[in-house]
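Reviewing the structure listed below.
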Amino acid sequence: MEKKDKQIRWSEIEPICVLRMLKKNILVIVLAALIGFFGSITVIQSLLDTTYKSSVTFAVRSRTGSMSFAFEDVTIAGEVAAIYSELLQSDVMTDTVRATVGKDFKGKITAEQIAKTNLITVTASSESPKSALLIIQAIMDNYADLSDYISSTAVLTPLSTPVLSVQIARYYNQRKISVLAALACAVMMSAVLFYIFLKSDTVQNSVGAKNQLDAHIITTIPHERTKGGRRAKRSRELKINSPTISFGFAEAVHRMASKFEHEHAKGKKVFLFSSVTQAEGKSTLAVNTALSIASKDVSVLLIDLDLRRPVQHRILGMKVKSDLGEMLKNDLTAQEILNAAQRDDESGLFTLLNGRPYSDMIESIRSDRMNEILILAREQFDYTIIDSPPLGFFTDSESISDVADTSVLVVRQDTVPAPQINDAIDALRAGKADFLGCIFNDVRRYRAGSGGYGYGYGYGYGKYGKYGKYGKYGKYGKYDKYGKYGRRSHTADTKKK
């Protein structure tokens, strides 16, 4: 297969898939924001230069006690401040303070005149508040002796008790910086996730499906919105004969069934559903296609051959009476197995299901007996629909495709990289069954002009209201075109007339 151009085509990117990816990774984005927030705090704290300062104010007066001390004292104060600053840095002051403070003497002492006054402020700066206070206290205890070193004409008189303050040499708006750092990290992480998302090369919309896949898209199945979230979805499996199913989902399934009817007119009777990986919706689509065809008064047999992960009994809400895996293990004949097929009274669908998973049934699936079962099924039923295992995990689907007439591949939106899907397509084409194409499943898309995100065909909470364009359950009535039970009830009414 020719390697496709990896250049990004923005038309293949579905916005709702991007938002869903970001929502899925919201914890990673939040974690990145927290790392940015607390990391910035750590960096800011390491850059901060915190200094504790203790200060005391002295009045400088002349020793002569002249009445004109105001001008004289101001002049002397300026001189004393200059001399005091030098003295405070001298060995004399250091030795004097150290003798009092001891080993806690770690700091710097300065003195400066308060403008146009005879007051000077002596300040001790230190990394420790205790050291700053002890230094100032030592100066106050020894200021009388120190005055003799300063000036013979000036007297220092303390006017206040020591005052302690905290000074940050560098100022940062920590809260603002931390919030900006958190936002920056969140944006960067989102950008990284978006880049990985672009490189994942998944199929996100119809344009991407057309350009990326080496197969025809049979139909597109819109996302079926379930009120109440995942828990509600587990308790209500999707079936087109359920009154809560939207018109858009049911119509898409009916279109898919019509493709099978067209192939049936060509003589095809055994149809295989497969996917690349689990949880792509192949089992749900297999059941609903079988139910849609069975509503046309034809005999349909649904076989659950995904033995490792059987879910058909849960979707149909049926209790398995004759387990297919057990019958294959017990070497029942092909006819005995077909005779044990259960019939659903409501839909008329025949089923061969499994009530529990099996992990050692590969040989049974590949055996001649399975081929005999399908040969007899062709003779006894109008349609046989097989739910096979995912191709990405097991090769069972490739083996089953050799005994089917037609195969289809279910591709869920934004789930599997396109190259892996194309490998699965090649594997199905290599089988004896005709490969019909891909079913693009669970598709959500942004609908411009609809006021938000829609879900494909004018249902759900998109363009036309809660359930559909024409009413609560669809275009024509409660369940289908002609009334409660669909086309079959219309036929019965016609016969009565």
Residue-by-residue Karplus 3J(HN,Hα) for region 277-286, coefficients 6.51, -1.76, 1.60, Hz, glycine and proline x: 9, 6, 6, 9, x, 5, 5, 4, 5, 4
Note, ³J(HN,Hα) from phi for region 248-261, Karplus 6.51, -1.76, 1.60, rounded to Hz, x at Gly and Pro: x, 5, 4, 4, 5, 5, 4, 5, 5, 4, 5, 5, 5, 5
Residue 52 - accessible surface, heavy atoms, 1.4 Å probe, Å² rounded to 10: 60 Å²
Most to least accessible of 269, 329, 239 (protein chains only, probe 1.4 Å): 329, 269, 239
Probe 1.4 Å, accessible area per residue of region 240-282, Å²: 34 Å²
Residue-level accessible surface for residue 187, protein heavy atoms, 1.4 Å, Å²: 100 Å²
Heavy-atom accessible area order for 22, 307, largest first, 1.4 Å probe: 22, 307
Accessible-area value, residue 262, 1.4 Å probe, nucleic acids and ligands omitted, Å²: 110 Å²
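The values are calculated or read from the model by the stated rules, or taken from the named source; none is laboratory data. For clarity, every value in this text was computed on a predicted model and none was experimentally measured. Surface areas here come from the heavy atoms of the whole protein model, side chains and all, with no ligands, DNA or RNA. Shrake-Rupley method; radii C 1.70, N 1.55, O 1.52, S 1.80 Å.
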